[in-house]
Amino acid sequence: MDPFSDVLNLLSARSYATAGLSAGNHWAMSFPGYNGLKFIFIKKGMFWFRLEAEPEWTQLSEGQGLALTRYARFLMATDVNIPPAESSEKKRPRVNETVNYGGDENLLLAGKMEIDLTSSDILLNGLPLVLHFNTQTDDSSALCTLMSLFFREKVANKPGSVQACDYLMHLIMIEVLRSGYEKSSEGCVVIDKFSDARINKVLSAIHQEPENNWSLLELATISGMSRAGFSKKFREVTGLTPLLYLTNWRMRLASKSLRYTRESVKLICFKLGYSSESTFSSAFKRVYGVAPRIYRDQHFQAGLKKTIKA
């Protein structure tokens, strides 16, 4: 598995197609934020978009779209001069998974990606709140193909279409994220470290065998660089020393296990390569501020807690 896929797997990233929305030329609506990634694509006509906290509207035409990378309330409209209704106040029935708000001149498709918000910084740092994309440019052929397949499945409503749309939405979200990393004016640590071939090899090794007692020399050898050159390059790309990155990756894995599994702290400790529980607990506390057992008590997911054995 490549390092970017490792991160998506760590975050339990899962995408879903949500309802399409059609509207006439005199419509406006306010939408709540979403704790994950929200995707909007204009299939037909034109919509205006703006964040609730900002005054400027952005026009989105057919073939254009955006992804919201963090929680934020927003507005969509075909007429910016009318007061927006709250989406919760205007529930409409779905026809072929599309909600109609009084017209079919304009049509958008929506989706979402659920991620583990506790470690979402590893994926989202460096990305703007709103990622814009256009499927009609030369460098977006893959996204254009995926959107065409997605819409075909959406309207066909054949057996298995819901599952197919969810899988396609996941591919679409990954493609949008790739595009966002590549175009971000701030640059992005995530895409930098995943696109550098030498650092990529090292990240793959760390991700595949976090339990290994990696030395700086071993990691430098994997990269094909000298220890000094590797250490400098690794820090430039990731912002961390190699061994600190290893520790942080282990702690992210530990955090996920503590929140979502029944595994004992001792088992998690040994699975991540620590020879003693006290050493593991000290490392965990440095990253998360509390001991593993306290962290589990604070964050363990509802429904499993009754059966946990620390």
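Taken together, the values in this text are just the output of simple stated rules run on the coordinates, not laboratory data. What you see is a predicted model, and the numbers here were worked out from it, not measured in a lab. Neighbour counts run over all protein chains shown; Cβ positions are idealised from the backbone, glycine included.
Over the Cα atoms of the chain, compute the convex hull volume and normalise it per residue, giving Å³.
Dividing the Cα hull volume of the chain by its residues yields 162 Å³.
Using a simple charge model, +1 on the beta-carbon of Lys and Arg, -1 on the beta-carbon of Asp and Glu, nothing else, what dipole does the range 3-183 show about its Cα centre, in debye to the nearest 20?
Here the range 3-183 has a charge dipole of around 460 debye.
Among 73-85, 111-123, what's the highest-first ranking by average C-beta atoms within 10 angstrom per residue?
Those peptides, ordered most packed to least, come out 111-123, 73-85.
Could you check the spin-label model distance between Leu217 and Leu129? Points 7 Å from the Cα along Cα→Cβ, value in nm.
If labels sit at Leu217 and Leu129, their model points lie 5.1 nm apart.
Using the Cα centre of the chain as origin and beta-carbon charges of +1 (Lys, Arg) and -1 (Asp, Glu), tell me which of Val265, Asn212, Thr58 is placed farthest towards the positive end of the dipole.
Val265
For helix 277-288, report the angle its Cα long axis makes with the longest principal axis of the Cα atoms of the chain; keep it between 0 and 90° and round to the nearest 10°.
The angle comes out near 40 degrees.
Determine which aspartates and glutamates satisfy two conditions relative to Lys233: a Cα distance under 16 Å, and not lying fewer than 8 residues away in the same chain.
Once the sequence-local aspartates and glutamates are set aside, what remains near Lys233 is Asp192, Asp196, Glu218.
Given the Cα-Cα distance of Arg286 and Leu244 and 0.36 nm per residue of separation, how much length would full extension add, in nm?
Full-extension gain reported as 14.0 nm.
Counting helices only, and only those DSSP H runs with n ≥ 4, report the 222 nm mean residue ellipticity of the chain as the sum of -39,500 (n - 2.57) divided by its residues, in deg cm²/dmol to the nearest 500.
Taking each H run of at least 4 residues, the total per residue is -13500 deg cm²/dmol.
Can you compute the equivalent ellipsoid semi-axes for the range 3-183, i.e. the square root of 5 times each eigenvalue of the Cα gyration tensor, sorted largest first and rounded to whole Å?
25, 20, 16
Mean-square fluctuation check for the chain, GNM, Cα pairs under 10 Å: which of Ile294, Ile199, Ile172 is largest?
Maximum among the listed residues: Ile294.
Between Met46 and Asn9, take the C-beta separation as r, use R0 = 35 Å, and let me know the FRET efficiency to the nearest 0.05.
Calculated transfer efficiency: 0.40.
How do Val95, Val155, Val176, Val265 rank when sorted from fewest to most other Cβ atoms within 10 Å of their own Cβ?
Val95, Val155, Val265, Val176
Report the extension gain between Tyr71 and Asp2 in nm, rounded to one decimal, defined as 0.36 nm multiplied by the number of residues separating them, less their alpha carbon distance.
Roughly 22.1 nm would be gained on extension.
Would you mind computing, in nm to one decimal, how far apart the modelled labels at Ser87 and Lys266 are, each placed 7 Å from Cα along Cα→Cβ?
4.8
Within the range 3-183, how many Lys pairs sit with Cα atoms under 16 Å apart, leaving out pairs fewer than 8 places apart on the same chain?
Summing the qualifying lysine pairs gives 4.
Would you work out the charge dipole size for the range 196-307 about its Cα centre, treating the Cβ of every Lys and Arg as +1 and the Cβ of every Asp and Glu as -1, and quote it to the nearest 20 debye?
For this selection, approximately 340 debye.
Can you run the Rg to Rh ratio on the range 196-310? Use alpha carbon positions and the Kirkwood inverse-distance Rh.
Answer for the range 196-310: 1.05.
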